[in-house]
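For reference, the structure discussed in these notes is given below.
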Amino acid sequence: MNRELVKKLAEVLKNRKLPEEVRIMEVCGTHTAEFFRTGVKDLFPENLILIDGPGCPVCVTPNSYLDLVIEIAKKYNAVLATFGDMIKVPSSYSSLAKEKAEGMDIRIVYSPLDALRMAEENPDREIIFLSVGFETTAPAEAIIIMEAEKKGLTNFSILSCNKLTPPAVDALLSADEVRIDGFIIPGHVSTITGREPWNFIADKYGKPGVISGFESHDLITGVLALLDLLEKKEAVITNEYKIAVRENGNPHALKIIDTVFERCTTEWRGLGEIPGSGLRIRDEYSPFDAMKKFPATPPPVKEHAGCRCGDLLRGVITPPECPLFDKVCSPENAIGPCMVSSEGPCSAYYKYWRK
Amino acid sequence: MTATNNNAQKKILPGHGSGGKLMNDMISGMIKEILGKDSIQIDDSAVLDLSSGKIAFTTDSYTVTPIFFPGGDIGRLAVNGTVNDLAVMGAVPAFLSCSLILEEGFDFESFEKILISMRDAAKEAGVKIVTGDTKVVPNGKGDKIYINTSGIGIFTNEVQRREIRKGDKIIVSGTLGDHGITIMSLRNDLRFSSDLKSDCAPLNGLISEIIAKYPESVRFIRDATRGGLASVLNEITAGKDYSAGIIEDDIPISEEVKGICNLLGLDPLYVANEGKVVIIASPEDAEGIVRIMRNNEYGKDSSIIGEIDSLYPGKVYIKTFIGGKRLLPLLIEEQLPRIC
């Protein structure tokens with residue numbers, strides 16, 4: 001978009017008058033970081049409050065998942081392939097970074113395909129890919145499982161912690177714990193899902209939402225559109241990211257997800273168990289399901305005393321309201337995942353706005 | 001060098017570090033042949049004749065994977081890195097040492113290329129390699145080749161640290177992040193087709209031109225290596241009553257670096273450079289300094305990117321193109337690519 005035009009839009013947002021406080025939630029972790037990084041949040045009128053939602057995959061992954069990962073790797077001497085974000089997240093008793101320092105074979109990959117290649121190149125090692133993500137990454141992970149089957153690989157599996165975002169927002173709204181007037185809806189997730197799965201926000205809860213992209217102009221137009229809907233009291237879900245999001249999403253990607261995965265109940269940090277919000281590997285593909293291939297019982301889950309990541313992910317507090325923020329908890333000594341992940345709200349506040 | 005054809009098969013052996021004939025042949029037949037007869041001494045030390053009262057002395061070790069990359073190699077890096085560390089102090093780089101740690105099995109062809117590259121880089125920067133050493137470590141105990149260079153620079157006129165003041169301008173000598181993103185793309189096999197190359201370059205010429213013309217106006221010079229521009233600016237402002245504010249629109253970054261950074265969730269302002277300086281200069285002469293820099297081949301894209309002010313004392317911030325601000329703190333560690 002024309003930069004001069006974006007600058008004008010920025011002025012409009014900056015000068016927008018809000019008669020009373022408006023509280024909007026950005027669900028997606030990339031939005032959390034981009035609102036800061038682009039400087040758009042700095043332009044918010046005084047009465048506009050941005051609440052960070054449960055949309056950072058690393059942040060909502062519960063301790064129990066990492067505990068299981070570590071237990072499996074130890075018990076079966078497997079190689080763990082993971083995205084970099086997971087490395088420093090504390091588990092109940094350790095972290096992948098600590099385990100790596102003590103000799104566990106943990107390798108950072110940039111794409112699930114790298115993990116698949118690793119399995120081909122190391123036929124004598126079990127490679128487990130830590131599949132942590134949302135609708136956006138699930139198709140790629142389904143594809144590598146199909147690829148692994150096609151190639152007849154017997155030393156490759158994934159440990160699925162894939163989640164679906166709309167059920168989490170539904171759980172959040174039905175709990176009715178915090179006031180949220182409207183939603184900035186994840187653009188990347190919506191490229192896969194389309195608009196339909198978000199309609200419940202308007203239909204069931206009477207609140208508006210705007211599907212938004214990630215550039216400065218996307219964020220500004222998204223927020224302005226949401227403020228317009230709120231002003232007109234229109235409870236609808238609109239799409240301001242038409243360049244990428246089609247009404248029905250990406251049917252091909254959805255079909256691929258559905259071929260390999262099925263919905264299940266899964267645990268979210270802060271939100272607990274949410275029915276239909278997880279993706280587990282279907283029985284047909286169970287040779288590639290590390291959960292089934294490597295039975296293990298990790299020690300009981302232990303939460304970190306004082307960590308309020310859970311409250312944060314429900315929008316109950318903002319990062320500076322956590323007593324540990326910037327005192328005990330910092331990126332070099334993260335107590336909870338929201339300080340570790342580049343999409344975590346604490347990491348964003350720490351990095352961009354600790355005045 | 002006549003051995004080139006054989007060098008494709010020839011490998012470093014433990015004997016090349018033994019002090020015996022193999023080692024002597026390698027030193028006299030290859031290293032001295034390329035780097036010059038005085039590059040490794042028969043005596044235990046080089047004896048230098050310095051007239052100046054004050055010298056700058058620095059050392060740095062170079063370990064990079066891969067050892068060859070678009071825009072340079074570990075040899076060029078090892079010469080330019082140390083040359084630049086001297087130059088940013090205001091010293092004229094004069095002498096370098098060259099200490100090589102070679103891994104058993106490393107091929108002579110690559111070794112020779114690296115030595116030639118060091119020779120060429122030293123020639124370009126106008127420095128002499130005057131002493132050196134080689135050691136061989138067993139296979140698997142090193143990463144092909146590590147190079148340590150120490151350097152001596154001579155002060156032709158007395159330098160003084162000048163106080164940075166509010167209103168001073170922040171200048172960079174060109175596009176940021178080229179070296180780090182080039183290496184990261186290769187190292188992680190990111191398989192982008194890319195024209196991107198490292199900016200590895202000697203900056204002593206550029207710096208001496210600036211100091212010659214504007215001796216009083218330059219308050220601070222530093223090469224923005226590891227940690228990138230943001231880290232250098234944080235060093236400047238830490239604990240001070242001023243902040244450094246930079247303007248997003250004015251910062252030179254190539255479209256390729258922007259694209260790769262976007263994809264991986266990295267911030268180019270924290271990515272390493274090997275041929276860029278950050279200069280803090282008085283507001284009156286900043287434009288003149290940039291004009292001089294742009295005439296040098298290593299400063300073509302020089303720009304004023306911001307200034308010293310008092311908005312967030314002790315901190316560094318950036319004003320994005322839409323006019324919003326955010327902080328650029330010191331990073332805790334290396335940036336990791338994100339999940340989605």
(request) Give the range A:327-355 a look and list any residue that's surrounded by fewer than 17 Cβ atoms within 10 Å (Cβ to Cβ), within 23 Å of residue A:91 (Cβ to Cβ) and either at pLDDT 95 or above or of a type in the set (D, E, K, R) (or both), or say none. (result) A:327, A:332
(request) Give the residue, chosen from B:302, B:310, that is modelled with pLDDT of 95 or more and farther than 20 Å from residue B:237 by Cα. (result) B:302
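Within the range B:124-138, is there a residue that is out of contact with any His (no Cβ under 8 Å at 6 or more places or on another chain), of a type in the set (S, T, N, Q) and more than 29 Å from residue B:307 (Cα to Cα)? Reasoning before the result, please.
Taking the range B:124-138 and keeping what is out of contact with any His (no Cβ under 8 Å at 6 or more places or on another chain), we get B:124-133, B:135, B:137-138.
Add one more test, that the residue is of a type in the set (S, T, N, Q), and what stays is B:131.
Keeping just the survivors that are more than 29 Å from residue B:307 (Cα to Cα) gives B:131.
Yes, that holds for at least one residue.
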(request) Go through (1) more than 14 Å from chain A (Cβ to nearest Cβ); (2) crowded, with 19+ Cβ neighbours inside 10 Å; (3) in contact with a Gly (Cβ under 9 Å, 6 or more places away or on another chain) and name the single condition residue B:261 misses. (result) (1)
(message) Only one of A:257, A:274, A:335 is assigned to a helix (DSSP H, G or I), touching a helix residue (DSSP H, G or I) at 6+ places or on another chain (Cβ under 9 Å) and more than 14 Å from chain B (Cβ to nearest Cβ). Can you tell me which?
(response) A:257
(message) Among the residues of the range B:291-305, what is the count of those that are within 16 Å of residue B:249 (Cα to Cα), surrounded by fewer than 23 Cβ atoms within 10 Å (Cβ to Cβ) and in contact with a helix residue (DSSP H, G or I) (Cβ under 7 Å, 6 or more places away or on another chain)?
(response) 2
(request) Check off (1) modelled with pLDDT of 95 or more; (2) buried (at least 19 other Cβ atoms within 10 Å of the Cβ) for residue B:288 and give me the number that stays unchecked. (result) (2)
(request) Output the helices (runs of 4 or more DSSP H) that fall wholly within the range B:1-106 and possess 1 or more residues being on the phi > 0 side of the Ramachandran plot, or say none. (result) none
(request) Hey, can you tell me all the residues within the range B:313-330 that are under 24 Å from the mean Cα position of the chain (by Cα), buried (at least 17 other Cβ atoms within 10 Å of the Cβ) and at pLDDT below 95? (result) B:328, B:329
(request) For the range B:112-131, enumerate the residues that are crowded, with 20+ Cβ neighbours inside 10 Å and in contact with a Lys or Arg (Cβ under 9 Å, 6 or more places away or on another chain). (result) B:114, B:117, B:118, B:121, B:122, B:129
(request) Name the single residue, out of those in the range A:19-49 being crowded, with 22+ Cβ neighbours inside 10 Å and aliphatic (A, V, I, L, M), that is farthest from residue A:104 (Cα to Cα). (result) A:43
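Could you list, in sequence order, the residues of the range A:77-87 that are under 23 Å from residue A:335 (Cβ atoms) and away from every other protein chain (no Cβ under 14 Å)? Explain how you work it out, then say what you get.
Pass one, the range A:77-87, residues under 23 Å from residue A:335 (Cβ atoms): A:80, A:82-87.
The answer is A:80, and nothing else.
Could you please let me know if residue A:336 is under 20 Å from residue A:57 (Cα atoms) and touching a strand residue (DSSP E or B) at 6+ places or on another chain (Cβ under 6 Å)?
Judged against the criteria, residue A:336 is not a match.
What residue, of A:308, A:282, is basic (Lys, Arg) and over 29 Å from residue A:141 (Cα atoms)?
Values: A:282 fails: over 29 Å from residue A:141 (Cα atoms).
After ruling out the rest, the residue left standing is A:308.
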(request) For residues that are in a helix (DSSP H, G or I), among the basic types (Lys, Arg) and touching a Leu at 6+ places or on another chain (Cβ under 9 Å), tally how many sit in the range A:21-49. (result) 1
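Show me the strands (runs of 3 or more DSSP E) entirely contained within the range A:94-166 in which 1 or more residues are within 14 Å of chain B (Cβ to nearest Cβ) and either closer than 25 Å to residue A:282 by Cβ or among the polar types (S, T, N, Q) (or both).
Values: elements: A:106-108, A:127-133, A:156-163.
Passing ranges, in order: A:127-133, A:156-163.
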(request) Look at residue A:274 and say whether it is modelled with pLDDT under 95 and closer than 22 Å to residue A:177 by Cα. (result) no
(message) Considering only the range A:295-313, I want to know if a residue exists there that is closer than 24 Å to residue A:129 by Cβ, of a type outside the set (Phe, Trp, Tyr) and in a helix (DSSP H, G or I).
(response) no
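From the list A:125, A:107, pick out the single residue that is under 26 Å from the mean Cα position of the chain (by Cα) and surrounded by fewer than 22 Cβ atoms within 10 Å (Cβ to Cβ).
Just a single option satisfies the conditions, and that option is A:107.
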(message) Six or more apart or on different chains, Cβ atoms under 9 Å: show the pairs whose first residue is in the range A:235-247 and more than 24 Å from residue A:180 (Cα to Cα) and surrounded by fewer than 17 Cβ atoms within 10 Å (Cβ to Cβ) and whose second is at pLDDT 95 or above and β-branched (Val, Ile, Thr).
(response) A:242/A:211; A:244/A:191; A:246/A:191
(request) Mind counting the residues in the range A:215-241 that are modelled with pLDDT of 95 or more and assigned to a loop (DSSP other than H, G, I, E, B)? (result) 7
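For the structure I just gave you, tell me whether residue A:190 is under 18 Å from the mean Cα position of the chain (by Cα), buried (at least 24 other Cβ atoms within 10 Å of the Cβ) and polar (S, T, N, Q).
Numbers: under 18 Å from the mean Cα position of the chain (by Cα): yes; buried (at least 24 other Cβ atoms within 10 Å of the Cβ): yes; polar (S, T, N, Q): yes.
Against the criterion (under 18 Å from the mean Cα position of the chain (by Cα), buried (at least 24 other Cβ atoms within 10 Å of the Cβ) and polar (S, T, N, Q)), residue A:190 qualifies.
Considering the range B:232-261 alone, what residues qualify as being assigned to a helix (DSSP H, G or I) and basic (Lys, Arg)?
Applying the first criterion (assigned to a helix (DSSP H, G or I)) to the range B:232-261 yields B:232-237, B:248-250, B:255-261.
Of everything in the range B:232-261, just one residue is assigned to a helix (DSSP H, G or I) and basic (Lys, Arg), namely B:258.
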(message) What's the number of the only condition in (1) within 13 Å of chain B (Cβ to nearest Cβ); (2) touching a helix residue (DSSP H, G or I) at 6+ places or on another chain (Cβ under 9 Å) that residue A:15 fails to meet?
(response) (2)
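Scan the range B:197-251 residue by residue and report those that are among the small types (Gly, Ala, Ser) and within 14 Å of residue B:317 (Cα to Cα). Lay out the reasoning, then the answer.
If we filter the range B:197-251 for residues that are among the small types (Gly, Ala, Ser), which is where we start, we get B:198, B:201, B:205, B:208, B:212, B:217, B:224, B:227-228, B:230-231, B:238-239, B:243-245.
Across the range B:197-251, the qualifying residues are B:230, B:231, B:238, B:243, B:244, B:245.
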(request) Just one of (1) in contact with a Ser or Thr (Cβ under 7 Å, 6 or more places away or on another chain); (2) buried (at least 20 other Cβ atoms within 10 Å of the Cβ); (3) away from chain A (no Cβ under 14 Å); (4) at pLDDT 95 or above trips up residue B:272, so point out which. (result) (4)
(message) Return the pair list, or none, for Cβ contacts closer than 7 Å from residues in the range A:96-113 that are within 17 Å of residue A:132 (Cβ to Cβ) and modelled with pLDDT of 95 or more to residues that are polar (S, T, N, Q) and surrounded by 17 or more Cβ atoms within 10 Å (Cβ to Cβ), at least 6 apart or on different chains.
(response) A:96/A:82; A:106/A:82
(request) Kindly list the number of the only condition in (1) under 17 Å from the mean Cα position of the chain (by Cα); (2) more than 14 Å from chain B (Cβ to nearest Cβ); (3) in a loop (DSSP other than H, G, I, E, B); (4) under 22 Å from residue A:36 (Cα atoms) that fails for residue A:327. (result) (1)
(request) With the condition kept exactly as written, say whether any residue in the range A:69-76 is within 11 Å of another protein chain (Cβ to nearest Cβ), under 30 Å from residue A:153 (Cα atoms) and either outside any helix (DSSP H, G or I) or touching a Phe, Trp or Tyr at 6+ places or on another chain (Cβ under 7 Å) (or both). (result) no
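The values are calculated or read from the model by the stated rules, or taken from the named source; none is laboratory data. In this text, all values refer to a predicted model and were calculated from it rather than measured experimentally. Here Cβ is always computed from backbone atoms with ideal geometry, including for glycine, and neighbour counts include all displayed protein chains.
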